[in-house]
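This report concerns only the one structure given below.
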Amino acid sequence: MFNLIKTLCELPGPGGDEKPVQDYLSESWHGRVESLSLTKVGNLIARVGGRGPRLLLAAHADELGYIVRHVDDKGFVWISTGQQDIAQKPPMRASMLLPLGFPALILTATGPVEGIFATLTGHVLSEEQRAKGQLDWSDVWVDIGASSKAEALARGVQVGDRIIWNPPTRRIGDIAYGKAMDDRMLLAIMDRLLDVIDRGKLAYELRYASTIQEEIGLVGAYSVTDDVKPDLAIALDVGIVGDAPGVDPRHADARLGGGPMLVHKDTISYNRALTLALGRAAQKAGIPIQQAIFARYGSDSGAFIRNGVPAALIAVPTRYTHSPFEMIHLGDVDLMIKWLKAFLETPAEP
């Protein structure tokens with residue numbers, strides 16, 4: 001399972017440029033599902049099989065990213081956020097600055113260009129720069145080792161190219177960490193679920209969706225329900241935990257290794273009946289789960305509900321979300337697969 005997670009997480013796929021992820025899943029799911037289609041905006045949809053209420057299981061293909069806004073005369077690449085608010089200043093602990101010192105990958109039209117997220121350090125800092133309490137986009141760039149703008153342009157770099165942080169996915173025992181666990185790890189779960197479910201026991205007509213641009217505002221999720229027309233939907237995502245230093249357990253008390261998470265509310269309230277049914281399936285199967293509500297969080301199921309589809313959210317506990325070092329416990333991944341199998345093979349209650 002780790003190797004599958006590693007493969008998916010290391011694919012490049014920022015919002016608006018998810019094609020490598022969708023191509024991989026199309027190849028992996030081909031022959032393992034009844035049908036596959038790619039919508040006009042890039043959502044990947046699969047009909048898995050089964051009979052009963054039409055249930056959509058969804059995770060998103062995109063990862064956090066940046067965008068080239070300028071290439072200067074010395075060949076340095078100046079960046080902006082690839083998410084919603086391009087005017088937002090990057091506070092020190094926000095995802096905008098966490099990649100400093102990490103490998104960067106610029107996704108140009110002619111191929112990827114490697115670099116590093118950089119800022120001024122050490123001896124060259126002026127007193128004014130040392131005293132600056134908050135960095136902004138004039139303090140952060142990508143260094144590709146070019147000596148001029150002409151050299152950077154010759155490598156294919158241009159305004160509008162997407163950029164990702166690009167560390168490898170690593171493992172320490174049952175712990176795995178790296179970029180894009182949000183949400184590739186959940187797509188890996190969906191992939192593996194195809195191997196373990198009994199199609200003859202499915203209590204639902206199961207559909208899959210790998211959605212685009214979730215991190216930019218649930219963009220793909222808003223249209224995918226029109227294409228699938230589900231009766232119910234479940235989004236799979238990363239879950240917020242409180243098992244790192246400095247977290248008040250009153251705000252988040254879930255932990256890595258404690259089992260997957262049943263999320264009742266974040267910026268919206270999830271469908272109560274479906275949420276409780278998921279909880280009963282876990283209890284009946286003897287699968288430990290963690291109950292949760294999230295602050296400053298949203299998922300594709302928010303778009304599903306706004307489009308009139310009863311929807312729920314379940315999650316795998318994840319430390320250091322929206323960072324290049326998102327961390328999970330592989331035992332929680334295994335339990336999530338078992339939980340989904342148990343739920344999908346349990347007849348829906350009237």
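Bear in mind these aren't lab numbers, they're just calculated from the coordinates by the rules spelled out. What you see is a predicted model; the values in this text were computed from it and never measured. Note that we place each Cβ from the backbone using ideal geometry, even for glycine, and neighbour counts take in every protein chain shown.
Can you bin the range 247-350 into rounded, prolate or oblate? Criterion: square roots of the alpha carbon gyration tensor eigenvalues sorted a ≥ b ≥ c, rounded for a/c under 1.5, prolate for a/b above b/c, oblate for the rest. Verdict is oblate for the range 247-350. When the square roots of the Cα gyration tensor eigenvalues are ordered a ≥ b ≥ c, the ratio a/c for the range 151-272 is 1.5 or more and a/b does not exceed b/c, which makes its shape oblate. Where both bridge residues fall in the chain, DSSP classifies roughly 65% of the beta bridges as antiparallel. For LYS19, the lysines whose Cα comes closer than 18 Å to its Cα, not counting residues fewer than 8 places off in the same chain, are LYS6, LYS40, LYS179.
Give the peptides 126-138, 286-298 in descending order of average Cβ contacts within 10 Å, highest first.
Ranked by mean Cβ neighbours within 10 Å, highest first: 286-298, 126-138.
The mean sequence distance of close C-alpha pairs (under 8 Å, at least 6 residues apart), as a share of the length of the range 228-300, puts its relative contact order at 34 percent.
When peptides 65-74, 191-200, 302-311 are ranked by their average number of other Cβ atoms within 10 Å per residue, the highest-first order is 302-311, 65-74, 191-200. For the peptides 267-276, 40-49, the ranking by packing is 40-49, 267-276, with the highest mean count of neighbouring Cβ atoms within 10 Å listed first.
Modelled spin-label separation between GLN283 and THR110, with each label point placed 7 Å from Cα along the Cα-to-Cβ direction: 6.2 nm.
For the range 102-203, the relative contact order works out to 30 percent when only alpha carbon pairs closer than 8 Å and six or more residues apart are counted. Would you please classify the overall shape of the range 156-227 from the alpha carbon gyration tensor, given that a ≥ b ≥ c denote the square roots of the eigenvalues, rounded means a/c under 1.5, and beyond that prolate means a/b larger than b/c while oblate covers the rest? The shape class here is oblate.
By a straight-distance test (C-alpha under 25 Å), which lysines pair with LYS265 as possible cross-link partners, with residues fewer than eight away in the same chain excluded? Of all the lysines, those that pass the test against LYS265 - Cα under 25 Å, at least 8 places apart if same chain - are LYS229, LYS284, LYS338, LYS341. Averaging the sequence gap over all C-alpha pairs within less than 8 Å and six or more residues apart, then dividing by the number of residues, gives the chain a relative contact order of 23 percent.
Assuming 0.36 nm per residue, please report the length gained on full extension of the stretch VAL247 to GLU10 beyond their Cα-Cα distance.
The span from VAL247 to GLU10 would gain 82.4 nm if fully extended.
Can you compute the helix-only [θ] at 222 nm over the chain? Use -39500 (n - 2.57) per DSSP H run of at least 4 residues, normalise by all residues, nearest 500 deg cm²/dmol. Per the formula, -8000 deg cm²/dmol.
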